[in-house]
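What follows is a single structure, written as structure tokens, with notes after it.
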Amino acid sequence: MKITKLVILFNYQKILLGIIVSIILFGLSFFINSSLVVLLFRILGVLIILNIIASLVASYILYDNSDLYELNNLKGVVDWNKTKNIVLVHASFDPLSKSLEEKYPNLSLTVCDIFGNRHEMEKGIETTKKIFPPNPKEIKIKPHQLPFEDRSQDVILAITALHEILDHDQRVLFFKEAKRVLKDNGLIVISEQFRDSTNFLFFNIGAFHFLSKKQWQNAILEAGLEIAENKKITPFANMLIVKK
């Protein structure tokens, strides 16, 4: 439940607003004579509450009860015992690096926080870093300037991070940099929610926070990379395996 609690923390104002609006709609329905309007107000109030519940249940399934941060879907794709240099990219939220270091102590893992992402100044970040303390070796990076030598990295992991690169051209530059630093047989592993019908159903307008499948494809292809595989982690998130 750790990550679901963080979702509530980041969205508590929206959740509270939804509950208040729902209560107001129900309250007003008792003072309206039109049965049609009464029905409309009450249905709308119920839908708002159901949407809040659905989004929290979906968040729990995605973040706390799935393979998202376990990476078991990478069996047969990444041989951790033979992989040496890995870059982990996150956006001020790192629930993964500690477990990777514990499971695979021989990895040379570089943890990178995307510099200047849109949540950088939010109060919730302080709580996030208390629950998931930053890796002591973490460095801040600019997405268009990766501090690694050419063909030096085996794998770049970006788990729910790259959608924070808001500008398309900046995303393309990130992927071009990733292509530069990856070895010839290297991989980029991207796990993200898509802006699709399922996420709209459960997260409503919150789905605009994510990118569409087409937007990911365009940025990756423009950088001269290809999507080798598109795996479904849960109904709400996909894992893209990207190769040179």
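Hey, if you put +1 on the Cβ of every Lys and Arg and -1 on every Asp and Glu Cβ in the chain, which of 108, 91, 50 ends up farthest toward the positive end of that dipole?
It is 50.
With +1 on the Cβ of every Lys and Arg and -1 on the Cβ of every Asp and Glu, and nothing else charged, how large is the dipole of the range 95-244 about its Cα centre, in debye rounded to the nearest 20? Please report the intermediate quantities before stating the final value.
Numbers: 22 positive and 20 negative charges, 33 e Å.
My answer is approximately 160 debye.
Picking from 18, 132, 189, whose Cα lies most toward the positive end of the charge dipole for the chain (charges on Cβ: Lys, Arg +1; Asp, Glu -1)?
So the residue furthest toward the plus end is 18.
Roll a 1.4 Å probe over the protein chains and send me the accessible area per residue for the chain in Å². Don't skip to the end; give the middle numbers.
Values: 13130 Å² over 244 residues.
I get 54 Å² per residue for the chain.
Show me the helices of the chain, taken as full DSSP H stretches, that run 24 Å or more along their long axis by Cα and average 0.5 or above in Kyte-Doolittle hydropathy. Write down the numbers at each step before the final one.
Numbers: long enough: 2-29 (37 Å, 1.61); 35-59 (36 Å, 2.46).
For the chain, where a helix must reach 24 Å along its axis and average at least 0.5, the hits are 2-29, 35-59.
Considering the values (1) 118; (2) 129; (3) 155, which represents volume of the Cα convex hull per residue in Å³ as calculated for the structure under consideration?
Evaluating volume of the Cα convex hull per residue in Å³ on these atoms matches (2).
Within the range 205-244, name every residue whose backbone N is under 11 Å away from a label modeled 7 Å from Cα of residue 183 along the Cβ vector.
none
Starting from the Cα gyration tensor of the range 129-202, take the square roots of the eigenvalues, sort them a ≥ b ≥ c, and report rounded, prolate or oblate (rounded when a/c is under 1.5, otherwise prolate if a/b is larger than b/c, else oblate). Spell out each step's value before the answer.
Numbers: a/c = 1.88, a/b = 1.31, b/c = 1.44.
Since a/c reaches 1.5 but b/c is at least a/b, the shape of the range 129-202 is classed as oblate.
Let me check I've understood the local charge: for residue 211, count other residues with C-beta under 13 angstrom from its C-beta, Lys and Arg +1, Asp and Glu -1. What total comes out?
On the way: positive: 171, 195, 213, 214; negative: 164, 167, 192, 196.
Net charge around residue 211: 0.
Determine the percent antiparallel among the DSSP beta bridges restricted to the chain, to the nearest 5.
Details: 14 of 34 bridges.
Expressed as a percentage, antiparallel bridges in the chain total about 40.
Under 18 Å Cα to Cα from residue 214, which aspartates and glutamates show up? Leave out anything in the same chain fewer than 8 places away.
164, 167, 169, 192, 196, 222, 226, 229
Which entries of 176/232; 14/179; 14/103; 75/130 show an alpha-carbon separation above 28 angstrom in the structure shown? Intermediate values should be presented prior to the final figure.
Details: 176/232 25 Å; 14/179 39 Å; 14/103 38 Å; 75/130 31 Å.
Checking Cα-Cα distances, 14/179; 14/103; 75/130 exceed 28 Å.
Pairs of alpha-carbon atoms within less than 8 angstrom and 6+ residues apart define the contacts here; what relative contact order does the chain have, in percent? Working shown, then result.
Numbers: 377 pairs, mean separation 41.1, N = 244.
After rounding, I find 17 percent.
Would you calculate the separation in nanometres between label points at residue 145 and residue 21, each defined as 7 Å from the Cα along the Cα-to-beta-carbon direction?
Rounded to a tenth, the inter-label distance reads 4.2 nm.
Taking the alpha-carbon centroid of each part, what is the distance from the range 181-228 to the range 4-27 in angstrom?
Measuring centre to centre over Cα atoms gives 29 Å.
Let me know the shape class of the range 1-49, please: from the alpha-carbon gyration tensor, a ≥ b ≥ c as square roots of the eigenvalues, rounded when a/c is under 1.5, otherwise prolate if a/b is greater than b/c, or oblate.
Note, shape of the range 1-49 comes out prolate.
Pop a pseudo-label 7 angstrom from the Cα along the beta-carbon direction at both residue 226 and residue 75 and give the gap in nm to one decimal.
About 2.8 nm, to one decimal.
Within the chain, what whole-number % of the accessible surface is contributed by carbon and sulfur, with the 1.4 Å probe and all protein chains included in the calculation? Show your work: numbers first, answer last.
Details: 7780 of 13130 Å².
Solvent-exposed carbon and sulfur of the chain make up 59 percent of the total.
Per residue of the chain, what 222 nm ellipticity follows from adding -39500 (n - 2.57) for every DSSP H run with n ≥ 4, rounded to the nearest 500?
Numbers: 7 runs with 99 residues, N = 244.
The helix-only estimate for the chain comes to -13000 deg cm²/dmol at 222 nm.
The values are calculated or read from the model by the stated rules, or taken from the named source; none is laboratory data. Bear in mind the structure is a predicted one, so any value in this text is a computation, not a measurement. Ideal geometry is used to build each Cβ from the backbone, glycine not excepted, and the neighbour counts take in all protein chains shown. Ligands, DNA and RNA are excluded from the accessible area calculation, which covers all protein heavy atoms including side chains. Shrake-Rupley method; radii C 1.70, N 1.55, O 1.52, S 1.80 Å.
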